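The numbers here are math on the coordinates, done by the rules we state, and not lab data. Note that the structure is predicted; figures quoted are calculated from it, not measured. Cβ: placed from backbone, ideal geometry, glycine included. Neighbour counts: every protein chain shown.
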Amino acid sequence: KVNIEKDINADILKDKDDNVDVEELERIIKETKLETIGKARSLDKKLNYPNLNEEELRMLADEALVVERADEDYLENEYMKIRMDNTGVTHMILPDRTTNLKVQLHYWTGCYGNNTNTHERSSGAYIFRPQTTVPYAMTYRNSGTVKGPIVQEYRAETKENAASVLRIYSGLNYFVHDFVVGPIPIEDKVGKEYVVRYDTNVVNNGEFYTDSNGRQMLKRKLNERPQWNLTLEEPIAGYYYPVTNKISIQDEQTRISILTDRSEGGSSLEEGNIELMLHRRLLHDDAFGVGEALDEVAEGKGLVMRGHHKLLNINPKNAVEVIAERKLVIQTHLQPIVFVSNSDNVDFDTW
Amino acid sequence: SFVLNELKSAMGVMQHHDAITGTEKQHVAHDYERLLDAAVEDALIVARQAFNKIAQRDALKQPLFSYDRCRFNESSCPTSENSRQFVVTIYNPVGWMVMEPIHVPVLDGTYEVYAPNGEKITSQLVDIPEPVKKIPTRKSKASHELVFIAKLHPLGVKSFYIKKTSKISKRDVVNTNEYYGNINDYWKNLHDNFVEIHNLDDTVDHKFKREQIPLPIMKVDA
């Protein structure tokens, strides 16, 4: 039912700009309702209740819908509340404002060709050249929620070997996305490039900021270059920029920044969205010198990468928050160094 | 300094544009790994000596602290996994106070974390997500991570003393998926702890194993 509901939403979105086929929509909604009634009927059998009549089944189905829609949960600390439901994270709620938020993993499939000209170029170690203009979304499955005095987590996995843990800590004003990606499956003989997208309702007018090798933040604008008129051969890769520590989008009230734990490629291809590339596995050489496909393996399996992003939501007009964000960027780059030493020979008092 | 020079030299090689972007050939990538690994391993001599120097331990005697490399990216740390008590020392490289969440890979159990002033601080045991446990190269017994917040002074070093007080974790935090997934482990832990508390011979298959240990009460998050 959830899948059908998603399909309906997708259809509504798809038809938003065209003429909405109302009849078709009504048909799908009716089917959804029938599906739910079917579930209620099987539940009725399973529970060994006396057979319900059609009206009672309909009521049970309505109730089930209400319960499913209300299936929401929160991660919460002193600074923020993260609202989640069965589709994942939906909102970031701060004391003075609320931002829509969706964290979604996608993958791009790599082009392949004989590298004789620009249009026959393969996606490889040097070149990011996706086959499509829209990435494939991966479907999440909730794999547990943890709540405690220090950390609260929401966990999700996908069947394409990627998993996320969304985490907030007590006393810290940022939201952490810890991800494990790989081994990227290539049984279908298609190279893939995994990205994460943070979708928000920030109105950034196609503008986003990336840091320049840890120096100043540079403004990037979709389909524009400051010095010349631009026609891009590669509409996706042409907008990818290096992100050493930080990428951000902002409007009047909100600045969403993602702080990375390593250098990554990043962009903002759609309004209110930030995209960062996490992992790549490609099956063709791009003929720029390396002479190999970017298909690294360890112990016979593709590499797995684990990393984290910190997501900050600040008011760009608040100087205190802006300075705190700058400090957090530096302390994410220069993380504390942790040593763990055995002290079996040292009791607590001696220590 | 000649030990640290090795690491500096390796880091110099890593400035090559192929090393930075990953456009080197595969066998070159392996060579970079070899270079870095050897350099990091040698540089740790300095850390090992420093721990014992601070503890005023003569270098000729058996060192007070032993130190193995941890792989926090795989939630693996041989020291914290195998010790009943260990010290976590953290260096803050920036010039202001930092509050940093620390995740230490450990086995299931109950742990106490002490700040440098000797006060017990709040900590939380969280199970390691399944996808991390399934990383093909991961070789670790750790099933959980001990999480606490370290308040670090500018450019300061702090040590936290951690000891394991029981093999059974306090189940005030319950992840339902983990709970059902590891119910056999939970039984085994209950048994082991019972044997340990009553100082019994673990090799004997005691009857109480099935008779005296009550079933854990399932706490299900609706």
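Quick look at the values:
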| read-out | value |
| --- | --- |
| Of A:Lys310/B:Lys158; A:Lys219/B:Lys158; A:Lys246/B:Lys120, those spanning more than 30 Å from alpha-carbon to alpha-carbon | A:Lys219/B:Lys158; A:Lys246/B:Lys120 |
| Shape of the range A:82-230, Cα gyration tensor, a/c cut at 1.5 | oblate |
| Loop sites in the range A:146-194: GluC sites (Glu not before Pro), DSSP, at most 16 other Cβ within 10 Å | A:Glu187 |
| Shielding by partners, peptide B:80-87 (average Cβ within 10 angstrom, other chains) | 4 |
| Unit Cα scatterers, Debye sum, the range A:219-269: log10 I(q)/I(0) for q = 0.28 Å⁻¹ | -1.12 |
| Sparse-neighbour loop sites [trypsin sites (Lys or Arg not before Pro); the range B:74-163; at most 10 other C-beta within 10 Å; DSSP] | B:Lys139 |
| Cα→Cβ-extended label distance, 7 Å offset, between A:Tyr136 and A:Asp347, nm | 6.1 nm |
| Peptide-level mean, for B:96-106, of C-beta atoms on other protein chains within 10 Å | 4 |
| Part-to-part distance (alpha-carbon centres) for the range A:94-115 and the range B:70-127, which is given in Å | 33 Å |
| For the range A:176-190 and the range A:217-256, distance of Cα centres in Å | 26 Å |
| Average beta-carbon neighbours from other chains, 10 Å sphere, peptide B:16-25 | 3 |
| Label point 7 Å beyond Cα of B:Thr137 along Cβ direction - residues of the range B:22-53 with amide nitrogen under 18 Å | B:22-42 |
| In Å, descending, principal axis extents of the Cα set of the range A:167-319 | 51, 48, 28 |
| Over 24 Å (Cα to Cα) - which of A:Lys159/B:Lys167; A:Lys159/A:Lys192; A:Lys159/B:Lys133; A:Lys192/A:Lys327 fall in this group | A:Lys159/B:Lys167; A:Lys192/A:Lys327 |
| Hz values of 3J(HN,Hα) by residue in the range A:236-248 - Karplus curve (6.51, -1.76, 1.60), Gly and Pro given as x | 8, 4, x, 10, 7, 10, x, 10, 7, 10, 8, 9, 8 |
